[in-house]
Amino acid sequence: MPKRFSTVRGREFGDGLRTAIAAAGFSSRALAERVDWDEAKLSGLVNGKGGISDVELGVLLGLCGVNPVERDHLLSLFPVAHVKSWLQEHGTCPPVYHRTLAENLAAANALISWRGLALPELLQTPTYMRAAIVASPNVPQTEVEARVKARLKMQEQLRRRELTCTFYIHD
């Protein structure tokens with residue numbers, strides 16, 4: 001059996017699946033019985049070993065009553081859970097709320113950031129954020145305030161915990 005590596009996406013997928021199962025009130029054994037799987041198969045899925053199809057995952061998420069936004073998120077992570085890179089493609093416009101970044105910051109002990117042309121988002125004031133967002137040709141004007149709120153929420157999360165931050169800013 002090939003050696004499996006933990007990945008950022010795999011951990012996010014596993015955490016999301018564990019949360020969905022717990023929120024539905026299932027134990028691993030009860031859910032495995034409900035979908036007619038061995039408990040080891042469910043454990044393997046949650047721990048990043050795959051072994052199921054997209055359809056089986058959809059059935060599992062449906063049984064857990066996962067909301068459509070979370071379902072789509074988990075279904076998008078599933079096929080790339082093994083990818084070692086933390087970079088994610090978002091198309092021409094990044095999401096309003098960077099969920100993967102938020103989850104990884106919550107788990108991190110240290111943050112090191114380098115930005116060559118602008119202040120890191122986590123150091124920006126609301127006025128700076130608005131100016132930077134409005135200057136982007138790919139961000140709809142209707143999303144400006146939602147994006148400012150999301151960035152401020154991320155900053156607030158960082159202030160609530162012990163995290164060693166180092167920011168390198170070009171002069």
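The values are calculated or read from the model by the stated rules, or taken from the named source; none is laboratory data. None of these values were measured; they are calculated from a predicted model. Glycine also receives a Cβ, built like all others from the backbone with ideal geometry; neighbour counts cover every protein chain displayed. Surface areas here come from the heavy atoms of the whole protein model, side chains and all, with no ligands, DNA or RNA. Shrake-Rupley method; radii C 1.70, N 1.55, O 1.52, S 1.80 Å.
Quick look at the values:
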quantity: In Hz, Karplus ³J(HN,Hα) per residue of the range 128-133 (6.51, -1.76, 1.60; θ = phi - 60°; x = Gly, Pro); calculated: 5, 4, 4, 4, 5, 5
quantity: Average accessible area per residue (Å²) across the chain - probe 1.4 Å, nucleic acids and ligands excluded; calculated: 65
quantity: Per-q log10 I(q)/I(0), the chain, q = 0.15 Å⁻¹ (Debye; single scatterer per alpha-carbon; no solvent); calculated: -0.96
quantity: Surface share of carbon and sulfur [accessible, 1.4 angstrom probe, percent] for the chain; calculated: 56
quantity: Test item: Cα-centred dipole of the range 37-171, Lys/Arg +1 and Asp/Glu -1 on Cβ, debye; calculated: 420
quantity: Difference of contour (0.36 nm per residue) and Cα-Cα distance, Glu143 to Ala118; calculated: 7.0 nm
quantity: Zero-based 10 Å bins, Cα pair distances in the range 118-171, whole percents; calculated: 22, 48, 26, 4
quantity: Relative contact order of the chain, pairs being alpha-carbon contacts under 8 Å that are 6 or more residues apart, as %; calculated: 26
quantity: At R0 = 22 Å, FRET efficiency that the Cβ-Cβ distance of Met154 and Asp54 yields, to 0.05; calculated: 0.10
quantity: Gain in span if fully extended, Ser27 to Asp171, counting 0.36 nm per residue against the direct Cα distance; calculated: 46.5 nm
quantity: Farthest toward positive dipole pole in the range 109-171 [+1 Lys/Arg, -1 Asp/Glu at C-beta], among Trp114, Gln155, Thr125; calculated: Gln155
quantity: Close Lys-Lys pairs in the chain, where close means Cα under 18 Å and separation is 8 or more or interchain; calculated: 5
quantity: Radius of gyration and Dmax over the Cα atoms of the range 18-65, both given in Å; calculated: 9.6, 24
quantity: Under 5 Å, built H, 5+ apart or other chain: amide partners of Cys165; calculated: Leu111
quantity: Pairwise centroid distance, computed over Cα atoms, of the range 135-171 with the range 48-71, Å; calculated: 31
quantity: Net lengthening on full extension, Asn104/Glu162 (0.36 nm per residue, minus Cα-Cα); calculated: 19.5 nm
